[in-house]
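Chemist: Here it is, the structure in full.
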Number of protein chains: 2
Amino acid sequence: MKVLIVGGAGMVGRKLAERLARDNALGGSPVSALTLYDVVPATAPDGAAFPVRISTGDLPAEGEADKLLADKPDVIFHLAAIVSGEAELDFDKGYRINLDGTRQLFDAVRRAGHGPRVVFTSSIAVFGSPFPEAIGDEFFTTPLTSYGTQKAIGELLLSDYTRKGIFDGVAIRLPTICVRPGKPNKAASGFFSNIIREPLVGMEAVLPVSEDVRHWHASPRSAVGFLVRAATISGDEIGRRRTLTMPGISVTVGEQIAALRKVAGEKAVKLIRRTPDQMIMDVVSGWPRNFDASRASGLGFTADASFEDIIKVHIDDELGGKIGV
Amino acid sequence: MKVLIVGGAGMVGRKLAERLARDNALGGSPVSALTLYDVVPATAPDGAAFPVRISTGDLPAEGEADKLLADKPDVIFHLAAIVSGEAELDFDKGYRINLDGTRQLFDAVRRAGHGPRVVFTSSIAVFGSPFPEAIGDEFFTTPLTSYGTQKAIGELLLSDYTRKGIFDGVAIRLPTICVRPGKPNKAASGFFSNIIREPLVGMEAVLPVSEDVRHWHASPRSAVGFLVRAATISGDEIGRRRTLTMPGISVTVGEQIAALRKVAGEKAVKLIRRTPDQMIMDVVSGWPRNFDASRASGLGFTADASFEDIIKVHIDDELGGKIGV
C-alpha cells in the first residue's frame, strides 16, 4: 500500500508518519512506500521498514499535484493548510493554499484516474455561532473565518468528487488538537494547549480567557487514530455523506486546569498567568463548545476518555513519561 | 443606481430587467444604468428610461469580470450558471462557470473596492436526501449534484467575502421556477413546468413521474420579487448568515394537475401523457419536497399564495391573459 501525506511536515502529519512506521501497516495492509510532501521538508519517521520519500513544493502551482500522483498512491492524506489565524490575516494566501491547493490535488487525483482513498482533515471551524450547546451531525456550516469557509468548501468538493467516482473520500472534522506539542503556531486556539504544555515543563503560560470558556478537544494520538480509521473504513459503511464530525472531549478551561492539577499538582497550575485579552475572548466566543458526534462514534472513531487522559498522552508521547515541574 | 445583471440573457435575468424597466427604480432608488451580461447577447427590456448596455463574454476568463466592474455598479445580480443537468454531464464546464466564474466575479468586486450589494441565486439543489419532510433554515447542505455543490460553495464564498467587508452579499435559494416559459432547458426538473405550460396552449406534455411526487415551486414573478427584495434589504436586518431559503409552494404533481383543471379545465389535463421514466424518477426522489422558510418569510420575502396563482401568473405574463386550449 502506497501512502501519500500532503502536509507531512506538520504536527499531525509527522505523528501519522510515526504511527505508520511503528505499525508498518495501515489498517492491516503493509505499507510499501510513504511520501511526505509539504512546503518545507518533512522528517522521515524512525524505524520505517518501507522507503520514505521527502518531497517539497507549492501545492497549488500548475502541475505540482500531478507529480504527487505519479506513483498512484492508494491512500492520500490531505492535511496541508494555512491555519486559521494566518488565513484570516492573509486572505489571498489562505484561499490559494486551502482552496486552490485542495482543488489542484483533487483534480490531479482525477487525472491519475485510479480512484484512491482520500482523507481530508476538515475542522470544527466550519461552524460559527449562534449554534446549539451541542452541535449535531446535521447542523449547517456557518463559518466565521476564511479558514472555516475553505474547509467547508473542501468538504463539499470531496463529497462531489466521491459521488462522481473520482476518488473515495472521507472528510473528518478534527476537534482542536490538545495538547499541541512544540512552539505555538498562528492559531488563535493556542492557549488551550499552552496552559497545559508550558506548566508541565515548569514554564509560565498565559490564559487570555475566563475559566468558563468551554471547548472541544482531542489529543494528537486520537487525531492520528481518526486518520487511520478514516483511511481504512469502507465507503459503503459511511454512505453518501462523507464528512464526519470527530468525537472529542468537551471541557471548560476550568476543567482543563482541574485535570492539570490532578496530573501535575498545584505547582503546575500556579504557572498559569491570567491576562485577559478581549480580542481573543471575542474570537473564542464564536467557537463551538460541544458536539453530538454520534455518527462518527457509531462508525468506530474513538476519542480520548477524559481531559486527564489527554494530558497523560502528552506526557507519554512528548515528555518521555516525565513531568518537569 | 447602477445595476449589473450577470446572466442577463437567462429567463430570470430577462424578467428582472423587465421589472426594472417597468419600475424605473430598484427599491425606491431610480436606476441610472443597467448592464446585461451573459455568454450570449441579452435583450434590452422595452420602455427603460435608463441606458441599457448589452455585454457578452466568458465570465471565468482572466480579466473578464474586471471589465464588468469598471463602472462600479451599486447592485450586482449574479444569476449566471450552467444548469443542473448540464453541470452533471460536463464536470469541467460546470466547475468552470459555476465555481471559477463566481469566484472571478467576487474577486473582481474585491479589486473594484467599492463594496456593492451582491445578490447571488443559489438553489434548493444544495440539499440532497435523506432530509426531513420540511427542510428547516439550519439544515446542512448535502448536495447530490455538482450543480448543488457549486451553489453551496458560492454561498460559502459570498458569506466570507461579506464578512470581510469586500461586498454586501445576499444569497437566495430559489425554489424550482414554475411555470418556466419558453422551451425546455437541460434541467431535469423541466416536467414540472411542461405539464402546465404545454397544455395551456393545446400541446401535449409528458409526465415522467407519479402524481404523488411533491416539490417546491415559485413563479418567475415571485423569483423576481425575491431578487428585488434581496437587492434592497439592509444587511443588518439579515445578520451574518447571508443565505436565505426562499419561501415557495409545496405541492404534489397531482395537486399541480388539480390546479390546472380548475384554471383551464379537463381539456387541458387530458393533454398530459403519462410516460414513466425510471431515470428521472430516481433523480427526483433525491429532491426536496417542502421547506420551513420562516427566516426569509420573516424578512419580507413573499411567495405565491397557491399553485393556481402560479398558473395564473403564467397566463398573465406569458399568454397575454388567454388560455389557448
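Chemist: Have a look at the DSSP beta bridges in chain A and tell me what percent are antiparallel, nearest 5. Walk me through the intermediate numbers first.
Modeler: On the way: 6 of 40 bridges.
Here the antiparallel bridges make up roughly 15 percent for chain A.
Chemist: Still on this structure: Please give the charge dipole size of the protein assembly as shown, origin at the Cα centre, charges +1 on K and R Cβ atoms and -1 on D and E Cβ atoms. Round to the nearest 20 debye. Please report the intermediate quantities before stating the final value.
Modeler: On the way: 76 positive and 78 negative charges, 8 e Å.
Rounded to the nearest 20 debye, it is 40 debye.
Chemist: Which links in B:LYS267/B:LYS322; A:LYS183/B:LYS164; B:LYS262/B:LYS312; A:LYS15/A:LYS93; A:LYS151/B:LYS93; B:LYS93/B:LYS151 stretch past 21 Å when you go from one Cα to the other? Write down the numbers at each step before the final one.
Modeler: Values: B:LYS267/B:LYS322 15 Å; A:LYS183/B:LYS164 29 Å; B:LYS262/B:LYS312 11 Å; A:LYS15/A:LYS93 26 Å; A:LYS151/B:LYS93 23 Å; B:LYS93/B:LYS151 14 Å.
Over 21 Å apart, Cα to Cα: A:LYS183/B:LYS164; A:LYS15/A:LYS93; A:LYS151/B:LYS93.
Chemist: On a C-alpha basis, how far is the centre of the range B:190-250 from the centre of the range A:239-261 in Å? Whole number, if you could?
Modeler: The range B:190-250 and the range A:239-261 have Cα centres separated by 42 Å.
Chemist: Would you mind listing the distances between the A:GLY113 label point and the same position in each other copy? Use 7 Å along Cα-to-C-beta, nm, one decimal, shortest first.
Modeler: Values, ascending and in nm: 4.8.
Chemist: DSSP beta bridges in the range B:170-318, what fraction antiparallel, as a percent rounded to 5? Please list the in-between numbers first.
Modeler: Numbers: 4 of 12 bridges.
Of the beta bridges lying entirely in the range B:170-318, close to 35 percent run antiparallel.
Chemist: Further, regarding this structure: As an exercise, use a Förster radius of 35 Å and the Cβ-Cβ distance of B:SER285 and B:ASP23 to find the FRET efficiency, rounded to the nearest 0.05. Could the numbers behind the result be given before it?
Modeler: Working: r = 41 Å, r/R0 = 1.16.
It comes out at approximately 0.30.
Chemist: If you don't mind, another one. Based on the Cβ-Cβ distance of A:THR302 and B:ASP277, what FRET efficiency does E = 1/(1 + (r/R0)^6) give at R0 = 41 Å, to the nearest 0.05?
Modeler: On the way: r = 46 Å, r/R0 = 1.12.
So, using R0 = 41 Å, E works out to roughly 0.35.
Chemist: Turning to a different aspect of this structure: Could you pull out every one of the lysines with an alpha carbon less than 16 Å from that of B:LYS72, ignoring same-chain neighbours closer than 8 positions?
Modeler: B:LYS2
Chemist: Still on this structure: Within 10 Å of each candidate Cβ there may be at most 16 other Cβ atoms; applying that plus a DSSP loop requirement, which trypsin sites (Lys or Arg not before Pro) in the range B:126-182 survive? Display every interim value, and only then the final one.
Modeler: Numbers: sites: B:LYS151, B:ARG163, B:LYS164, B:ARG173; in loops: B:LYS164.
Sites meeting the loop and neighbour criteria: B:LYS164.
Chemist: To the nearest 0.05, how large is the calculated FRET efficiency for B:PHE50 and B:SER294 if R₀ is 30 Å and r is the Cβ-Cβ distance?
Modeler: Numbers: r = 36 Å, r/R0 = 1.20.
Working from the Cβ atoms, E equals 0.25.
Chemist: Need one value for A:100-111: mean number of C-beta atoms belonging to other chains within 10 Å of its residues' C-beta atoms.
Modeler: Numbers: counts 1, 0, 0, 3, 0, 0, 0, 2, 0, 0, 2, 0.
Mean partner shielding for this stretch: 1.
Chemist: Here is a follow-up. What value, in deg cm²/dmol to 500, does the helix sum -39500 (n - 2.57) over DSSP H runs of n ≥ 4 give at 222 nm once divided by the residues of the protein assembly as shown?
Modeler: It comes out at -11000 deg cm²/dmol, rounded to the nearest 500.
Chemist: What percent does the relative contact order of chain A come to when contacts are Cα pairs within less than 8 Å and at least six residues apart?
Modeler: Numbers: 677 pairs, mean separation 56.4, N = 325.
Taking the mean separation of contacting Cα pairs over the length of chain A, I get 17 percent.
Chemist: How large is the convex hull of the Cα atoms of the range B:49-137 per residue, expressed in Å³ as a whole number? Working shown, then result.
Modeler: Working: hull volume 13.5 nm³, N = 89.
Roughly 152 Å³ of hull volume per residue.
FYI, it's all coordinate maths here, none of it is from the lab. Fair warning: this is a prediction, and the values are worked out from it, not measured in the lab. Glycine gets a Cβ as well: all are built from the backbone with ideal geometry, and neighbour counts include every protein chain shown.
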